[in-house]
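Each remark here refers to the structure printed beneath this line.
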Amino acid sequence: MLKGCEIYTSGAPCPMCLSAIYWSRFRAVYFSCDLEATESIGFCDAYQYEEFKKPLHERMIKTKQIYPKLGLTSYKAWEDRPNRHPY
Ligand SMILES: [Zn+2]
């Protein structure tokens, strides 16, 4: 974890990097170019942020929950693990 750290970047983080930033518990993100400027040089990150706001059934990539009870068995195994890394 990078709890309490700050990150500086030339462009607004893409969704993948922003997720890693949140998981790492940074306390601040500073960027220079916004998503519009990023798109102007060929990186289309803005559409992903818009996509994630949509309900699952409206997204361009089929995303559907399946076997929720089966999935919970792996979650339970994780919870029961005594030496798991806390998030
Ligand atoms: Zn990225």
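The values are calculated or read from the model by the stated rules, or taken from the named source; none is laboratory data. Remember, predicted model here, so these are calculated numbers, not experimental data. Methodologically, a virtual Cβ is constructed for each residue, glycine included, from the backbone with ideal geometry; neighbour enumeration extends over all protein chains shown. These accessible areas exclude ligands, DNA and RNA; they are computed on the full protein's heavy atoms, side chains included. Shrake-Rupley method; radii C 1.70, N 1.55, O 1.52, S 1.80 Å.
Quick notes
- When the helices (runs of 4 or more DSSP H) confined to segment 1-61 are screened for residues that are touching a Leu at 6+ places or on another chain (Cβ under 7 Å), those reaching at least 1 such residues are found at 15-24, 46-53.
- Tally of residues being surrounded by 12 or more Cβ atoms within 10 Å (Cβ to Cβ) and either more than 13 Å from the ligand (Cβ to nearest atom) or not aliphatic (A, V, I, L, M) (or both) across segment 1-14: 6
- Residue match in segment 64-73 (condition: open to solvent by less than 60 Å² (accessible area, probe 1.4 Å) and without any contact (Cβ under 8 Å) to a residue 24 or more places away in the chain): yes
- In segment 22-35, the residues that are without any contact (Cβ under 8 Å) to a residue 40 or more places away in the chain form Cβ pairs under 7 Å with partners that are open to solvent by 60 Å² or more (accessible area, probe 1.4 Å) and basic (K, R), at six or more places apart or across chains, as follows: R25/K3.
- Conditions (1) under 24 Å from Y87 (Cα atoms); (2) over 14 Å from the mean Cα position of the chain (by Cα); (3) among the charged types (D, E, K, R); (4) surrounded by 11 or more Cβ atoms within 10 Å (Cβ to Cβ): number failed by R25: (2)
- Segment 29-57, subset farther than 24 Å from I7 by Cβ and open to solvent by less than 100 Å² (accessible area, probe 1.4 Å), residue farthest from the ligand (Cβ to nearest atom): P55
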